[in-house]
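So the structure is just underneath, and the comments pick up after that.
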Amino acid sequence: MSRIGFKTISIPAGVEVKVDGNLVSVKGPKGELQEKISDLLEVEIKDGVLEVKRSSDNAEDRSQHGLARTLINNMVIGVTEGYQKKLQLVGVGYKAEKKGKTLVMNLGYSHPVELTDPEGIETECPDANTIIVKGIDKALIGNYTANIRAWRKPEPYKGKGIKYEGEHIRRKEGKTGVAGA
């Protein structure tokens, strides 16, 4: 059984948390986020510590408890520190560059792939083979990096494609010729 929902969240200085029914708003130095949590849960703030409580011990309440606590914690971290994910382009001729708010990638297609940064997300290209996605909403960053990666998922034979930094690609052995068949 998970114990994540019972952990408290300490609210750092400069962060303001408001609870309006089941809508939790977190405002900090990097921005503001809102999340609607389950009606089955109750959020209490006392002395700079936030606690999520559930009304009963049935399965649905338990499943929502840890989720709501994690979502609120991610919002607090996002508005104070922010999140970032790095992608690496592996392959001959694969490169990325930034043009204004547009990410332009050459991925071996007959045309360059152009993606406009969504609201609240910023991309950087420190070099031609690295993309850094930054923002305050962890879910949006994960979704956008997955959309970028979907243009060329890493393949197992040569390892070419767009991969997350630190991701290990399981490699396969290529074909072997059968002599005298």
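Inspect all residues belonging to the range 52-65 and state whether any of them is among the aliphatic types (A, V, I, L, M) and free of Cβ contacts under 8 Å to residues at least 12 places away in the same chain. Scanning the range 52-65, I find at least one residue that is among the aliphatic types (A, V, I, L, M) and free of Cβ contacts under 8 Å to residues at least 12 places away in the same chain, so the answer is yes.
Just so you know, in the range 144-161 the residues that are touching a strand residue (DSSP E or B) at 6+ places or on another chain (Cβ under 8 Å) and among the hydrophobic types (A, V, I, L, M, F, W, C) include one that is most open to solvent (accessible area, probe 1.4 Å), and it is Trp151.
Each row is one residue, and each column tells you yes or no for (1) at pLDDT 90 or above; (2) open to solvent by less than 80 Å² (accessible area, probe 1.4 Å); (3) not β-branched (Val, Ile, Thr).
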site: Met1; (1), (2), (3): no, no, yes
site: Ile9; (1), (2), (3): yes, yes, no
site: Asp57; (1), (2), (3): no, no, yes
site: Met75; (1), (2), (3): yes, yes, yes
site: Thr80; (1), (2), (3): yes, yes, no
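With respect to the conditions (1) over 20 Å from Gly135 (Cα atoms); (2) within 23 Å of the chain's Cα centre (by Cα), Thr80 falls short on a single one, namely (1). Scanning the range 116-129 for residues that are assigned to a strand (DSSP E or B) and either open to solvent by 40 Å² or more (accessible area, probe 1.4 Å) or farther than 21 Å from Asn74 by Cα (or both) yields Thr116, Glu122, Glu124.
One line per residue, one yes/no per condition, for (1) among the aromatic types (Phe, Trp, Tyr); (2) surrounded by 12 or more Cβ atoms within 10 Å (Cβ to Cβ); (3) assigned to a strand (DSSP E or B):
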{"residue": "His111", "(1), (2), (3)": "no, no, no"}
{"residue": "Glu114", "(1), (2), (3)": "no, no, yes"}
{"residue": "Ile131", "(1), (2), (3)": "no, yes, yes"}
{"residue": "Ala139", "(1), (2), (3)": "no, yes, no"}
{"residue": "Gly142", "(1), (2), (3)": "no, yes, no"}
{"residue": "Lys163", "(1), (2), (3)": "no, yes, yes"}
{"residue": "Ile169", "(1), (2), (3)": "no, yes, no"}
{"residue": "Lys172", "(1), (2), (3)": "no, no, no"}
{"residue": "Thr176", "(1), (2), (3)": "no, no, no"}
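Consider the range 23-39 and keep the residues that are part of a loop (DSSP other than H, G, I, E, B) and open to solvent by less than 60 Å² (accessible area, probe 1.4 Å). The one that is nearest to Ile9 (Cα to Cα) is Ile37.
With the requirement that a residue be in a strand (DSSP E or B), farther than 22 Å from Gly166 by Cβ and either open to solvent by 70 Å² or more (accessible area, probe 1.4 Å) or touching a residue at least 24 places away in the same chain (Cβ under 8 Å) (or both), what does the range 88-109 give you?
Taking the range 88-109 and keeping what is in a strand (DSSP E or B), we get 88-90, 95-99, 102-106.
Still in the running and farther than 22 Å from Gly166 by Cβ: 97-99, 102, 104, 106.
Answer for the range 88-109, where residues must be in a strand (DSSP E or B), farther than 22 Å from Gly166 by Cβ and either open to solvent by 70 Å² or more (accessible area, probe 1.4 Å) or touching a residue at least 24 places away in the same chain (Cβ under 8 Å) (or both): Glu97, Lys98, Lys99.
The values are calculated or read from the model by the stated rules, or taken from the named source; none is laboratory data. It should be emphasised that the depicted structure is a prediction, and the values quoted were computed from it without experimental measurement. As a convention, Cβ positions derive from the backbone with ideal geometry for all residues, glycine included, and neighbour counts pool all protein chains shown. Side chains included, ligands, DNA and RNA excluded: accessible areas come from the protein's heavy atoms. Shrake-Rupley method; radii C 1.70, N 1.55, O 1.52, S 1.80 Å.
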